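Data first, discussion second: the structure below is written as structure tokens.
The values are calculated or read from the model by the stated rules, or taken from the named source; none is laboratory data. Keep in mind it's a predicted model, so treat the numbers as computed, not measured. Methodologically, a virtual Cβ is constructed for each residue, glycine included, from the backbone with ideal geometry; neighbour enumeration extends over all protein chains shown. Surface accessibility is based on the protein's heavy atoms, side chains included, excluding ligands, DNA and RNA. Shrake-Rupley method; radii C 1.70, N 1.55, O 1.52, S 1.80 Å.
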Amino acid sequence: MSTSLASASASAEVDVEGIRRQWLALRPPYCIEDRRLPLPVWARRGFTDTGEQAWAALRQDASRIELTRPFCIYVHIPFCANRCSFCDCYSFPLLQYRARHVEGYLALLAQEMRLWSGLGTLAHRPVSTVHFGGGTPTFLGEEPFARLVQDIRENFSTGPQTEWALESTSSELTPGIVSALHRLGFTRLHVGVQSLQDDVRRTIHRREDAATVLDKIAAAVSLGWIVSVDLILGLPGQTLAGALADVHALETVGVDGFSLYELQLSSRNRRFAEQYGLAGRQRLANYLLTQAASRLLISLGYRKTLFNHLARARDTNLYFTFPERGEDCLALGTIADGVFGDYHYRHPEYKAYCQSVTPAFPGLQGGLRRNALENQLHSLEVALLSARIPPGLFADVLGQERAEVLFRRWQESALVESISPADPCSNLRLTGNGSWFISHMMAELAVP
Ligand code: SF4
């Protein structure tokens, strides 16, 4: 991978000296190679309750939640037309029996919705956003997808305030589907672009070339969609110049938000990792690519709204920012995880999900309640993930002395910086280093 920050084109595009200074500022325990993504609470310490116990706890909690309190809905669709070799998402292709699986899955989701909408006041509480992820939600097909949307409308209080959003891959975005979704009320589209370099796209078996992808995004933007994209950094053959060119091309066609991901390696893409020798990879190149893309976006007027998402004001990204607004999340479908108050739950993988949903049980795998310490630190974790760090909040929760120790360490390693350098008491924000080491920072909150 060619990522020399000294190259003339990179120097002209991004603040190379700034990236170098930020990198050199890093002190132990912050090691570039030791990057981890933040984990939800259930993944950190496992479930304490079975699925049945979780459902009982949620039913009991639901009766206590106010009618006016908004919540968001996430629906996981685990199907794709093909399995992309690099992908570590939970999804699979339906090579045969497609219609049977699609209809069966929609029936289970409808069953779940009927149960959830009977829970306390949930059917009457305002829905801030409905977000479909996957997988490729549009793989369901136009008519089944429209039925799913109708089911949600019938079971919950969606309205003019609700943002309808979905994730997709560009090859599924035919003009007909994009128009149909827009007519259904969808306004936000998150496209898994990953890379616009045609040689890289061929490596990851993307069927469309960059020009086609850009044309499709431009068409969606012209219909009034808010479009955000995933870019993956660390793909085989990717170059710094290519990554920066991708950002420019997408900005030019009107993309409002960018999620920057390092290529994640897991059992789901092990063969791809082995094929391209990524298993023992050095991550410095990925770090440099991420910092350069992030800085370029900031110079183009995008702002960090999550630790890994940069957006213009139009891209409110309501699903990923629900914790910042203190909302609950009703998650539907296989592997989807949701939260009500301080109670977190998750659904199992596809086969177990299909076997466990009944007219009396929404097929939960397990659940757990945040403990006292997790509740105490929750607002701080949310602030870090949101990339906005009010010092007063940290001092209130951790005490002035402990907050100052943490801030000093984070500032020494350039993980945070003051929004207003002239005012050291102003709010802090995550730097590129902070985004890279977000899980380290979250873990440090709990260290006495
Ligand atoms: S990258 Fe997207 S389209 Fe490809 S397998 Fe993963 S979720 Fe499906």
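Evaluated against (1) within 16 Å of the ligand (Cβ to nearest atom); (2) modelled with pLDDT under 95, ARG183 falls short on exactly one condition, (1). A single member of GLU52, GLU13, GLU17 is surrounded by fewer than 18 Cβ atoms within 10 Å (Cβ to Cβ), modelled with pLDDT under 95 and of a type outside the set (Val, Ile, Thr), and it is GLU17. Is there a residue being open to solvent by 40 Å² or more (accessible area, probe 1.4 Å) and either under 21 Å from ALA54 (Cβ atoms) or not in a helix (DSSP H, G or I) (or both) anywhere in the range 400-418? Yes, that holds for at least one residue. Here LEU106, LEU122 are screened, and the one residue that is open to solvent by 10 Å² or more (accessible area, probe 1.4 Å) and away from the ligand (no atom under 16 Å from the Cβ) is LEU106.
So that you can scan it fast, the table gives a plain yes or no per residue for (1) away from the ligand (no atom under 16 Å from the Cβ); (2) among the acidic types (Asp, Glu); (3) at pLDDT 95 or above; (4) within 22 Å of the chain's Cα centre (by Cα):
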{"position": "THR129", "(1), (2), (3), (4)": "yes, no, yes, yes"}
{"position": "THR136", "(1), (2), (3), (4)": "no, no, no, yes"}
{"position": "GLY141", "(1), (2), (3), (4)": "no, no, no, no"}
{"position": "ARG153", "(1), (2), (3), (4)": "yes, no, yes, no"}
{"position": "GLN161", "(1), (2), (3), (4)": "yes, no, no, yes"}
{"position": "GLU167", "(1), (2), (3), (4)": "no, yes, yes, yes"}
{"position": "SER170", "(1), (2), (3), (4)": "no, no, no, yes"}
{"position": "LEU173", "(1), (2), (3), (4)": "no, no, no, yes"}
{"position": "HIS205", "(1), (2), (3), (4)": "no, no, no, no"}
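Counting only residues that are open to solvent by 20 Å² or more (accessible area, probe 1.4 Å) and at pLDDT below 95, the range 237-258 holds 3 of them.
In a residue-by-residue description of the range 336-354, the property of being open to solvent by less than 20 Å² (accessible area, probe 1.4 Å), under 30 Å from ALA243 (Cα atoms) and part of a loop (DSSP other than H, G, I, E, B) applies to no position. Residues that are in contact with a helix residue (DSSP H, G or I) (Cβ under 7 Å, 6 or more places away or on another chain), touching a residue at least 60 places away in the same chain (Cβ under 8 Å), open to solvent by 20 Å² or more (accessible area, probe 1.4 Å) and farther than 30 Å from LEU184 by Cα occur at least once in the range 263-274.
For the range 60-100, which positions are open to solvent by 80 Å² or more (accessible area, probe 1.4 Å), more than 16 Å from the ligand (Cβ to nearest atom) and of a type outside the set (Phe, Trp, Tyr)? Answer for the range 60-100, where residues must be open to solvent by 80 Å² or more (accessible area, probe 1.4 Å), more than 16 Å from the ligand (Cβ to nearest atom) and of a type outside the set (Phe, Trp, Tyr): GLN60, SER63, ARG64, GLU66, LEU67, THR68, GLN96, ARG100. The condition of being over 30 Å from GLU274 (Cβ atoms) and among the hydrophobic types (A, V, I, L, M, F, W, C) holds for only one of LEU223, LEU196, LEU233, LEU260, that being LEU223.
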